[in-house]
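Here is the structure we will look at, set down as structure tokens.
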Amino acid sequence: MIQQISVFVENRPGALRAMTAVLAENGIDMRAFSLAETSDFGIARIIVDDVYKTTTVLRDAEFVHSVTQVLGVALSDTPGGLDKVLRVLADAGVNVEYMYAFLGGKKGKDAYMIFRVADNAKASAALTAKGIRQVEQQEMTDL
Amino acid sequence: MERYYQPEIETASREQIKAWQDERLVTQVRHVWDNVPYYREKMREAGVTPDDIHGTEDLHKLPFLSKDDLRRAYPYGLVAVPLKDCVRIQSTSGTTGKRVVAFYTQADLDLWETCCARAIVAAGGTNEDVCQISYGYGLFTGGPGLNGGSHKVGCLTIPTSSGNTERQIMFIRDLNATILCCTPSYAAYLGESMKEMGLTPDEIPLKAGIFGAEAWSEEMRQSIQETLGIKAYDIYGLTELSGPGVAFECSAQSGMHINEDHFIAEVIDPDTGEVLPDGTQGELVFTSITKKAFPLIRYRTRDICVLTREKCSCGRTHVKMTKPRGRTDDMLIIRGVNVFPSQIETVLLNLGYPANYQILVDRVNNTDTLDVQVEMTPEMFTDNLGEISRRQKELVDSLRSMLGLTAKVTLVAPKSIVRSEGKAVRVIDKRKI
């Protein structure tokens with residue numbers, strides 16, 4: 001399981017940059033990034049190398065945020081790679097709320113997907129049963 | 001046991017109060033006629049002389065005084081004693097471009113501070129208390145008024161004035177302040193800051209707060225009481241009339257007793273000027289019957305409220321006014337609907353939003369727009385966009401049922417709405433620009 005940090009950002013010029021500036025100043029390395037938005041605000045979802053440090057600096061800078069457990073799945077960067085994973089989840093009856101991709105790390109050959117699902121434990125068990133590798137937070141730090 | 005600063009006055013019989021008012025009104029009207037040409041001229045225009053005034057039943061014969069009169073008479077036009085007898089001025093903020101300068105003799109200051117002392121005692125204050133005055137000092141009446149009242153009660157007074165939140169909290173904690181006097185929005189902010197520091201209500205020595213100078217709702221009272229672990233009392237006043245202490249809340253916390261030995265209150269229909277019976281909502285009008293330097297006769301406050309003379313559980317006999325429900329000049333007319341910022345505040349607090357908000361009114365394509373900006377809080381935030389949108393919609397729906405019109409709700413970043421250390425700027429009406 002991976003800890004994703006979700007950050008509230010206003011939908012106006014410079015709002016997102018204010019957050020990335022805080023991360024940059026504190027030497028936080030982002031592994032993945034996704035933005036969900038409405039007309040007046042957005043939620044930036046980030047996977048980072050150091051969760052504790054990130055939440056601390058965000059709190060100090062008064063960014064409202066929360067931490068969510070998400071599934072990190074390593075899949076082969078070949079046609080059908082994602083389809084295989086989604087079929088397992090569909091067969092297990094697990095609903096996917098959202099997901100986003102990020103490329104392998106500096107040394108990796110796999111692609112990674114982040115899944116926010118209705119039932120983490122159920123999804124994880126189904127994936128493991130089908131031999132699909134999931135990544136843990138430690139791997140995000142080590143990338 | 002209810003305690004009073006001046007029991008013989010605060011619990012006097014209605015007959016006694018009327019007798020004081022009759023006698024003092026007659027004297028005051030004679031005083032302004034003799035010493036203020038501006039009043040004499042107004043009274044002549046209305047066809048009334050001091051000989052027509054025998055008591056409170058004749059009050060309605062006197063012409064009203066408005067903020068425009070005060071502006072026209074600025075600075076000395078309404079001063080009723082020689083300047084050598086005046087010892088102080090106080091002034092309104094003039095944010096609306098209508099700065100008022102009020103004058104005081106030593107006796108005027110004394111009666112003002114006495115009114116504030118009654119408020120402090122009604123909030124449970126004694127000479128054992130440590131009273132922190134976090135209202136601004138200076139031209140603003142909040143600091144000087146409560147400061148004087150606190151001295152009269154014998155509290156150990158901490159004159160922090162407004163601002164510098166860290167220092168405010170340091171004094172509250174280090175000197176065990178038991179009573180806090182400031183604006184309600186600043187009290188909410190102090191509470192929020194102490195909560196962020198991890199302080200629980202039990203660790204905050206305060207037991208009571210006296211909050212005024214701006215509109216606040218019952219829900220805001222509840223939230224301040226919970227965060228600070230205190231009883232929060234409302235206090236009312238106008239610089240024009242002296243300052244805070246014209247009326248104050250007692251243990252019943254159900255309206256403010258007007259100090260009727262110094263001020264006669266009436267409620268009128270703001271459109272016709274007709275005096276309305278007790279229990280009817282209208283514009284509050286005051287006559288100061290004891291102040292000598294700057295006496296106001298039938299001054300229209302523009303505050304909308306209701307007066308009630310029902311017996312109060314605290315034993316005080318002076319008339320009670322409800323919290324002002326808005327000001328005739330705070331009232332926004334949006335798409336033809338009357339909207340008071342206090343209504344919006346009520347909805348926000350009912351749904352658990354912070355008391356910090358801003359109302360933006362604009363006109364786009366000849367249609368008024370109402371945008372309520374609310375700060376996102378850690379409690380409210382979730383990773384689920386749908387859930388946040390649902391809460392936003394719930395707020396829009398509640399506002400619609402309260403106001404009768406559709407408002408846009410915008411969630412903004414924490415601390416992005418400027419905090420008030422004086423009076424909060426709740427409304428930005430761009431239509432006037």
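In whole angstrom, note down how far apart the Cα centers of the range B:45-76 and the range B:368-422 are.
46 Å
Shape verdict for the range A:2-68, please, from the Cα gyration tensor: rounded (a/c under 1.5), prolate (a/b greater than b/c) or oblate. Please list the in-between numbers first.
Numbers: a/c = 1.71, a/b = 1.36, b/c = 1.25.
Since a/c reaches 1.5 and a/b is larger than b/c, the shape of the range A:2-68 is classed as prolate.
No partner Cβ under 4.7 angstrom, meaning no disulfide-compatible partner by this rule: which Cys of the protein assembly as shown qualify?
That list is B:C86, B:C115, B:C116, B:C181, B:C182, B:C305, B:C312.
Place a point 7 Å from the Cα of B:H151 along the Cα-to-Cβ direction; which residues of the range B:101-125 have their backbone N under 13 Å from it?
B:106-107, B:109-114, B:117
Rounded, prolate or oblate: pick one for the protein assembly as shown, where a ≥ b ≥ c are the square roots of the eigenvalues of its C-alpha gyration tensor, a/c under 1.5 means rounded, and failing that, prolate if a/b is larger than b/c, else oblate.
Numbers: a/c = 3.01, a/b = 2.41, b/c = 1.25.
It comes out prolate by the Cα gyration axes.
At B:T382 and B:T328, where each label point lies 7 Å from the Cα along Cα→Cβ, what is the point-to-point distance in nanometres?
If labels sit at B:T382 and B:T328, their model points lie 4.7 nm apart.
For the range B:374-405, list residues with backbone N below 15 Å from a point placed 7 Å from the Cα of B:R335 toward its Cβ?
B:396-405, by backbone N distance to the label point.
Taking R0 as 41 Å, what's the FRET efficiency between B:N35 and B:R431 from their Cβ-Cβ distance, rounded to 0.05? Before the final figure, lay out the partial values.
On the way: r = 43 Å, r/R0 = 1.04.
Rounded to the nearest 0.05, the efficiency is 0.45.
Regarding chain B, what's the average projected area of the Cα-atom convex hull, expressed in nm²? Walk me through the intermediate numbers first.
On the way: hull surface 87.0 nm².
Result: a mean projected hull area of 21.7 nm².
Does the range A:69-142 classify as rounded, prolate or oblate by the C-alpha gyration tensor (a ≥ b ≥ c root eigenvalues; a/c under 1.5 gives rounded; else a/b over b/c gives prolate, otherwise oblate)?
Values: a/c = 1.79, a/b = 1.39, b/c = 1.29.
Judged from the Cα gyration tensor, the range A:69-142 comes out prolate (a/c at least 1.5, a/b above b/c).
Only bridges whose two residues both fall in chain B count here: according to DSSP, what percent of them are antiparallel, nearest 5? Before the final figure, lay out each step's value.
On the way: 39 of 63 bridges.
Once the DSSP bridges in chain B are tallied, antiparallel ones form about 60 percent.
Counting GluC sites (Glu not before Pro) as exposed when in a DSSP loop with at most 12 other beta carbons within 10 Å, what is the longest stretch of chain B free of them? Before the final figure, lay out each step's value.
On the way: sites that count: B:E128, B:E274, B:E310, B:E379.
Longest run free of exposed loop sites: B:129-273.
Can you give the FRET efficiency to the nearest 0.05 for B:D397 and B:T126, using r as the Cβ-Cβ distance and R₀ = 41 Å? Mind dumping the intermediate values first?
Details: r = 47 Å, r/R0 = 1.16.
Step by step, r from the Cβ atoms, then E = 0.30.
If you take every DSSP beta bridge fully contained in the range B:332-432, what fraction is antiparallel? Give it as a percent rounded to 5.
On the way: 11 of 19 bridges.
Around 60 percent antiparallel, to the nearest 5.
In whole Hz and in residue order, list the ³J(HN,Hα) couplings for the range A:40-53 that follow from phi through the Karplus curve 6.51 cos²θ - 1.76 cosθ + 1.60, θ = phi - 60°; x for Gly and Pro.
These are the phi-based 3J(HN,Hα) values: 10, 8, x, 10, 8, 10, 10, 10, 10, 6, 9, 5, 4, 5 Hz.
Whats the longest run of chain B with zero trypsin sites (Lys or Arg not before Pro) that are DSSP loop and have at most 16 other Cβ atoms within 10 Å? Working shown, then result.
On the way: sites that count: B:R3, B:K98, B:R99, B:R309, B:K311, B:R335, B:K415, B:R419.
No qualifying site falls inside B:100-308, the longest such stretch.
Taking 22 Å as R0, compute the FRET efficiency from the Cβ-Cβ separation of A:A18 and A:T141 and round it to 0.05. All intermediate terms of the calculation are to be shown ahead of the outcome.
Values: r = 25 Å, r/R0 = 1.14.
According to the calculation, E is roughly 0.30.
If I fit a long axis through the Cα atoms of helix B:165-174 and take the longest principal axis of the Cα atoms of chain B, what angle between them do I get, 0 to 90°, rounded to 10?
80 degrees
What pairs from B:K231/B:K291; B:K231/B:K430; B:K67/B:K430; B:K18/B:K84; B:K67/B:K408 go past 28 Å between their alpha carbons? If you can, show how the numbers build up before the last one.
Numbers: B:K231/B:K291 31 Å; B:K231/B:K430 37 Å; B:K67/B:K430 24 Å; B:K18/B:K84 33 Å; B:K67/B:K408 34 Å.
The answer is B:K231/B:K291; B:K231/B:K430; B:K18/B:K84; B:K67/B:K408.
Where both partners of a DSSP beta bridge lie in the protein assembly as shown, what percent of those bridges are antiparallel, to the nearest 5? All intermediate terms of the calculation are to be shown ahead of the outcome.
Details: 71 of 95 bridges.
Close to 75 percent.
List the aspartates and glutamates whose Cα lies under 17 Å from the Cα of B:K42, skipping any in the same chain that are fewer than 8 positions away.
Reachable aspartates and glutamates: B:D34, B:D51, B:D52, B:D58, B:D68, B:D69.
Values in this text are rule-based calculations from the coordinates and carry no lab data. All values derive from a computational prediction rather than experimental measurement. Here Cβ is always computed from backbone atoms with ideal geometry, including for glycine, and neighbour counts include all displayed protein chains.
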